[in-house]
Amino acid sequence: MAEDDDGATPPPPPSPFPKPTNNLVTPLLTDLYQITMAYAYWKTNQHRRIAHFELFFRKNPFGGSYTLFAGLDEVLRFLSNFRFAPDDIAYLRNTAQLAHCEPAFFDEYLSRLDCSEVIVHAMKEGSMAFPRVPLLTVTAPLGIGNLVETTLLTLVNYPSLVATNACRMVVAARGQFWEENAGASPPRPPPSPPRSRDSPGERRRDPTTRRKKSVQLAEGGPADFTRRRPMCVEFGLRRSQGPDGGFSASKYSHVGGFHATSNVLAGKILDLPIAGTHAHSFVQSYTSLDLADGLTVRRLGKKKDEGDDEDNDDDDDDDMVHLLPLALKYREETGWHDTNEGELAAFVGYACSFPNGFLCLIDTYDTLQSGLRNFVLVALALDDLGYTPRGIRLDSGDLSYLSLECEHVFHEMADRFDRSFFLDLDIVASNDINENILHSLNKQGHAITMFGIGTNLVTCQSQPALGCVYKLVEIDGKPRMKLSNDIEKVLIPGRKVVYRIFGEAGWPLLDLLVGVDEVDQPTAGKRTLCLHPFMEQKRVAVVPKRVVKLHSLVFDGKNGVVPGQLCPLGETRQYVNDQVNHTRPDLLRYVNPGEYKRGGRQQVTYDAVTMRCNATTQQSNKVGVTRCVRGCDTTTRRGETKQRDDLMMTR
């Protein structure tokens, strides 16, 4: 940075890049120990040392085999706008823990600190990620690299968790056929015949092609190719962990494959499709048919005679039709006289308000004997006026049985009244659904076309946190390593480049970690040996069909965010869908999913094993042990150990 006339470095200018979506995301959204460490680094003049950090997780959530990386967009917004405000500095200066700190730490360091020396490489947002493989890396002076740790973790942990949860639910909702044939989209149902308003007879389908009561992509049984793939809608705002949890869930469940959200604010800010109908209270509030008397709907498709005045209000009144008498006419034809009249009035009221979006909750009283029948009566009346009803929602009971019974009635009505729209109605289910219930419904069979999922999506019921960590792996160009008795917590030291290796079938086979200075990089068509970072006996040789470098530069210090890194949500969502469609089927299994392999090249494996051995040897020598856990003599030189590795690789 340039200096002022008095020699002091001026505070950083405001960033032109968009701010984080949540105003709480500032440099103070961090743990206190990040700031105490920053002071210690500054106090001892260590804060300028160049460090390399990796953000990764150790275990896939939900007992699965993959994780979706999400939250990169908010990370870039945060880094671009990282600046301590004057009131932030004033608060820190007066805290009990920092009150003794030298004034220069606040006035000359924190107040002028930004991310102009921070370099970030990351996977593309929406990428399938696997344990130990960095989601992003940060290269920065030790002080600032340490200060951003907590914020980066909170911006990645929950988004990645909820996006993964959403993706798993979408996979489960689509059923067995889609899971077992990854790499190709499931067959779509044949399109409905074009609908004619002027000739009801043209709406009839050939009776031999009408679908009768059947099952929806039953797991363990034959798939019904004529059915639509069920979609998922997020309904979790009211059960989320606060407003930010609800907003983030709406955003990242869309990334994971959910079609729409009930969250209106998320729809506005993020331009997401919004969805919703009415609650049980709406139906309960109507107590008699008198409340629906006089409600009208404009008839569609009526042509005016030549010479009619376009502005004639009398003609407009002639287009308005009382909806209740039409529904009652169909009640007489069907003989359904015992339905709840308050519920029928509610459906008429809703149909008059939303004739183009008539989708009703039918389980307020009696799902099959009242709710379903009242919906059919009003749907027939709307169809007479030129509108297409949308469907029903089930919020309780046996969803498998009820959905199939509703579908069966719809098919009967299609036959009886020559109305093809009954064959295309949505059956929405929203009864405390989770991933396990989705798989159970597939096994039982169902006719559900849309799942409304709330609590178990946004709270991530089966696993509340992903567990990402942010670890120092190199400083001043020297690899650093954290040891642990738990092998899963031992770091793979040093700066690395990660490649995804694809096989002949087009599926990814493994992720390969290569030392950043290694000359021999993996290439397509060339045999590559992949080693386990800590267990030399575990190795595999592959001949890649395609090799993809996983990380790219996304934040370039003074130049800020690299152009093109902030993708629209819809583009990220499509990227997720494409990856899932080209993933090994065993990785998508709900029970006993396959394991995705990660490996290292010789230098990465050598550094990990040697540093662990050296550290263990030093500790062992204190108690009189002269051999390390690897079985090497403590005096073994690097060259001798490397020669031993080369010999083992030839076995």
**OP:** Can you grab the distance from the C-alpha centre of region 429-460 to the C-alpha centre of region 328-384, Å, no decimals?
**Re:** 26 Å
Subject >> Local net charge near H551, Cβ-Cβ under 13 Å (Lys/Arg +1, Asp/Glu -1) >> reply: +2
Subject >> Per-pair calculated FRET efficiency, R0 = 30 Å: R228 and D586 via Cβ, rounded to 0.05 >> reply: 0.70
Original post:
Between E102 and K43, what is the spin-label point distance in nm, taking each point 7 Å from the Cα along the Cα→C-beta axis?
Top reply: 1.1 nm
Original post:
What FRET efficiency would be calculated for the residue pair D87, E412, taking the C-beta separation as r and a Förster radius of 56 Å, to the nearest 0.05?
Top reply: 0.25
Original post:
Say the cut-off is 26 Å between C-alpha atoms; which of K482/K545; K59/K549; K251/K545; K496/K597; K19/K558 go over it?
Top reply: K482/K545; K251/K545
Original post:
Spin-label point model (7 Å from Cα, Cβ direction): what's the V548 to C567 distance in nm?
Top reply: 0.9 nm
Subject >> Packing-based order for 136-148, 21-33, using average beta carbon neighbours within 10 Å, highest first >> reply: 136-148, 21-33
Original post:
If you take the square roots of the eigenvalues of the alpha-carbon gyration tensor of region 453-597 and sort them as a ≥ b ≥ c, do you get rounded (a/c under 1.5), prolate (a/b over b/c) or oblate?
Top reply: rounded
**OP:** Pull out the extension gain between R480 and T287, defined as 0.36 nm times the separation in residues minus the alpha carbon to alpha carbon distance; nm, one decimal.
**Re:** 62.3 nm
Subject >> Neighbourhood net charge (13 Å Cβ-Cβ; Lys/Arg +1, Asp/Glu -1) for S462 >> reply: 0
Subject >> Cut-off 20 Å, label 7 Å out along Cα→Cβ of T388, residues of region 254-290 by amide N >> reply: 259-260, 273-277
**OP:** Can you work out the PRE-style zone for T21? Point 7 Å along Cα to Cβ, and I want the residues of region 148-163 with backbone N under 17 Å.
**Re:** 152-163
Subject >> Sequence of K478, K443 once ranked by neighbouring C-beta atoms within 10 Å, starting from the fewest >> reply: K478, K443
Original post:
Which FRET efficiency value, to the nearest 0.05, is calculated for T296 and E405 with the Förster distance at 41 angstrom and r the Cβ-Cβ distance?
Top reply: 0.80
Subject >> Added length on full extension, which subtracts the Cα-Cα distance from 0.36 nm per residue, E333 to D556 >> reply: 73.1 nm
**OP:** Starting from the Cα gyration tensor of region 329-450, take the square roots of the eigenvalues, sort them a ≥ b ≥ c, and report rounded, prolate or oblate (rounded when a/c is under 1.5, otherwise prolate if a/b is larger than b/c, else oblate).
**Re:** prolate
**OP:** Could you work out the relative contact order of region 337-460, using alpha carbon pairs under 8 angstrom and six or more residues apart, expressed as a whole percent?
**Re:** 22 percent
Original post:
If you rank F258, F17, F84, F62 by fewest surrounding Cβ atoms within 10 Å, what's the result?
Top reply: F17, F62, F84, F258
**OP:** With a 10 Å radius around each residue's Cβ, average the other Cβ atoms per peptide and rank 318-325, 128-135, highest first.
**Re:** 128-135, 318-325
Original post:
Stretch K443-T36 to full length: gain in nm at 0.36 nm per residue minus the Cα-Cα span?
Top reply: 141.0 nm
Subject >> Neighbourhood net charge (13 Å Cβ-Cβ; Lys/Arg +1, Asp/Glu -1) for N431 >> reply: -3
Subject >> Burial order of peptide ranges 423-429, 266-272 (average beta-carbon count within 10 Å, highest first) >> reply: 423-429, 266-272
Original post:
Listing T150, T44 from the residue with the fewest other Cβ atoms within 10 Å to the one with the most, what is the order?
Top reply: T44, T150
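Bear in mind that the values in this text are calculations on the coordinates, not laboratory data. Just so we're clear, the structure is a prediction, and the values are computed from it rather than from any experiment. Heads up, the Cβs are rebuilt from the backbone with ideal geometry, glycines too, and the neighbour counts pull from every protein chain shown.
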